[in-house]
Amino acid sequence: MRLWNAKIGKKITGHSFYVLSVSFSPDGRTLASGSKDKTVRLWDAQNGKELSIFKGHSDSVLSVSFSPDGRTLASGSDDKTMRLWDAESGMELMQFKGHSDSVLSVSFSPDGKILASGSRDKTVRLWDVETGMELTIFTGHSSSVFSVSFSPDGEILASGSWDKTIRLWKLDLLDLFQKYILTSEKKSDRK
């Protein structure tokens, strides 16, 4: 990985294999990277110093994304999971499972409450960041979903796929959370 400053051309090294994703923290001070070496690393964006290494994925880390407040980092992997990490301590906070193939892209909603994921399984999924519960699955792509991104107001999710299409998904978050609450209540009634 290279961090280029127009004046000094800084290169950052540390990963032992390909770097597949990078993301700046909202304040621009920290850079996260995901690699084929199965790690997520944080770097000081000014001097290139390695700050921490997050280990937990069992395969390549394909996507990294900071939460809007910069305190949490999400990662998606070839191991079919997403993980949430405490950006300061490096502690794994949560693991999301549900995709049947590699997670190629992760993105936080503008308020940081929802995590979107795109996968080689051709689906886009939304997850509750607080509980880890899958909120919904969007289908429609005929090939791998390589990119997901929320609109600034959080009302639309865009997904880009190898099927040569971009899909825009109108999000009714109130409806999604109501479905989640009803599903959760049904599950607790069975216990």
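Considering all projection directions equally, how large on average is the shadow of the alpha-carbon convex hull of the stretch 36-76, in square nanometres?
If you wrap the Cα atoms of the stretch 36-76 in a convex hull and average its projections, you get 3.2 nm².
Could you tell me which chymotrypsin sites (Phe, Trp or Tyr not before Pro) in the stretch 79-170 are loop residues by DSSP with no more than 15 other beta carbons within 10 angstrom of their beta carbon?
Counting only loop positions with at most 15 other Cβ atoms within 10 Å, the chymotrypsin sites (Phe, Trp or Tyr not before Pro) in the stretch 79-170 are 162.
Which value results when the Cα radius of gyration for the stretch 47-133 is divided by 2.2 N^0.38 Å?
So the Cα radius of gyration is 1.02 times the expected 2.2 N^0.38 Å.
If amide H atoms are built 1.01 Å from N in the plane of the peptide, which residues on other chains or at least 5 residues away come under 5 Å of the amide H of residue 119?
Placed amide hydrogens put 104, 145 under 5 Å from residue 119.
³J(HN,Hα) across the stretch 24-40 via Karplus (A = 6.51, B = -1.76, C = 1.60, θ = phi - 60°), whole Hz, x for Gly/Pro?
Ordered by residue, 3J(HN,Hα) equals 7, 5, x, 7, x, 7, 10, 10, 9, 9, x, 9, 5, 6, 6, 10, 10 Hz.
Every read-out reported here was derived from the displayed coordinates using simple, explicitly stated rules and does not represent laboratory data. This structure is a prediction, so every number in the text was calculated from the model and none was measured. Virtual Cβ from ideal backbone geometry, glycine too; neighbours counted across all protein chains shown.
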